[in-house]
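Here's the structure we're looking at; comments come further down.
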Amino acid sequence: MYKNDIREASEEQLMQFFSTIGEKPFRIKQLNSWLWEKNVHGFDLMQNLPKKLIEKLKEQFTFLASQIDQEVTSRDGTVKFIFRLHDNHLIEGVLIPSGKRVTACISSQVGCKLGCKFCATGSMGFTRSLRAWEIIDQYALMNQRSNELFDQNITNIVMMGMGEPLDNYEQVIKAINILTSPQGNGLSPSRITLSTVGLVDQIKQLADERFKANLAVSLHVANNKKRSQLMPVNKNNSILELQSALRYYYKQTNQRITIEYVLIDGINDSLTDAEELAQFCKAFPVKVNLIQFNSTHPPYQKSTPENTQRFIQYLESKNMVVNLRRSRGEDIAAACGQLVKKKAEGGNLKVEGRRQNEKKRRKAEGGRRNESNYELRITEPKN
């Protein structure tokens, strides 16, 4: 299925191909620059390659490029994308502007196998994993839009979109290696965060390979029985096994781990839940990100302000580093899988985002981003 995409070819395959057609090896470096540094999706755009070579490449390879299918912009500035893959499957990505940073949230799979009860993607089922170049396509397409909308490149990447990154280990790591390579996009590993629900064996593999990017664990509850009910993956990756794997990860990498914890009303936001979370985190240095729940479907709702504050105060009383992450893009279904699910369930709506003269306004305001200029537009598609 993928053998003819140029980005699937290994270095050895390219060397053999170039040798067969009588081209010099330095052309491979030029080709790779176009593929991974400039992220072009067409041989005719490779301006320093001879026309004869371009024709040979066209005969042997193709591009199975992704494209932006829909885009919607929130009042708070969050921009959500639906990407259409070469086989017409849909995935999501999100741009989150914040001060001088623009963070891209990227998907690793079409759907997800793990079935977390509160997650829109988990209710969609699993279709397939993404190839490394499909992951990078999301970055390239959103980076172009980031420059058009915000006058700057993406500064941070979080692998927190659709799918479980460690269930697509080989391709996700390959994509991260390209994104951080000087011959690729040249991003610092410290600017990339991989988020996992806690696949124990793969976390140990990351540790053994001295993973350089950041690791975040979507824990959401630190009680084994409750976590198994909320997140079926816990049945084969128990709290104690996960804690042990994270302890090993810290020992091998010396990197602090981020614990992601979505606060859900009456489910995981009690003082007992906070006590169990604090106990879990004693084993290694952590930063805890408490996240306001972006409602996907009943019966789950966001925690009340009172319960949220009480939860934070307890953790802080234990000298833990705690951040409360405000939910972004609620008006555009920006949580993982929401927009694709909405499109699948009622595909007669086309959702588009529009940013009215934002560049002009930002220049007039000295570069400040005016979030009141965002608007949401929903239109019927033309037949």
Considering residues that are out of contact with any Gly (no Cβ under 7 Å at 6 or more places or on another chain) and in a helix (DSSP H, G or I), the number found within segment 162-197 is 18
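Using the structure shown, decide if Asn88 is over 19 Å from the mean Cα position of the chain (by Cα), in contact (Cβ under 8 Å) with a residue 12 or more places away in the chain and not in a helix (DSSP H, G or I). So that I can check it myself, show each step before the final result.
Values: over 19 Å from the mean Cα position of the chain (by Cα): yes; in contact (Cβ under 8 Å) with a residue 12 or more places away in the chain: no; not in a helix (DSSP H, G or I): yes.
No, not satisfied.
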Of the listed residues (Gly99, Gly93, Gly42, Gly77), the one being surrounded by fewer than 13 Cβ atoms within 10 Å (Cβ to Cβ), under 21 Å from the mean Cα position of the chain (by Cα) and among the small types (Gly, Ala, Ser) is Gly99
Please indicate, with yes or no, whether at least one residue in segment 12-20 is surrounded by 12 or more Cβ atoms within 10 Å (Cβ to Cβ), in contact with a Leu (Cβ under 9 Å, 6 or more places away or on another chain) and in a loop (DSSP other than H, G, I, E, B).
no
Give segment 44-85 a look and list any residue that's among the charged types (D, E, K, R), touching a Phe, Trp or Tyr at 6+ places or on another chain (Cβ under 9 Å) and either assigned by TED's automatic domain parsing to the domain that holds Gly125 or touching a residue at least 12 places away in the same chain (Cβ under 8 Å) (or both), or say none.
Lys56, Lys58, Asp69, Glu71, Arg75, Asp76
Cβ-Cβ under 6 Å, sequence separation 6+ or interchain: first residue in segment 210-225 and in the same structural domain as Asp269 (by TED's automatic domain parsing) and over 17 Å from Pro165 (Cβ atoms), partner hydrophobic (A, V, I, L, M, F, W, C) and outside any loop (DSSP other than H, G, I, E, B). Which pairs?
Val221/Leu230; Ala222/Leu277; Ala222/Phe280; Asn224/Ile239
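Can you tell me which residue in segment 283-337 is surrounded by the fewest Cβ atoms within 10 Å (Cβ to Cβ), limited to those that are at positive phi and either at pLDDT 95 or above or touching a Cys at 6+ places or on another chain (Cβ under 8 Å) (or both)? Talk me through it step by step, then tell me what you get.
Pass one, segment 283-337, residues at positive phi: 319, 329, 333, 337.
So of that shortlist, the ones also either at pLDDT 95 or above or touching a Cys at 6+ places or on another chain (Cβ under 8 Å) (or both) come out as 319, 337.
Working: Asn319: 7, Gly337: 24.
That would be Asn319.
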State all residues of segment 102-134 that are surrounded by fewer than 24 Cβ atoms within 10 Å (Cβ to Cβ), among the polar types (S, T, N, Q), under 21 Å from Phe293 (Cα atoms) and touching a helix residue (DSSP H, G or I) at 6+ places or on another chain (Cβ under 8 Å); if no residue qualifies, say none.
Ser123
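The values are calculated or read from the model by the stated rules, or taken from the named source; none is laboratory data. All of these numbers come straight from a predicted model, not from anything done at the bench. Note: ideal-geometry Cβ built from the backbone for every residue, glycine included; neighbour counts use all protein chains shown.
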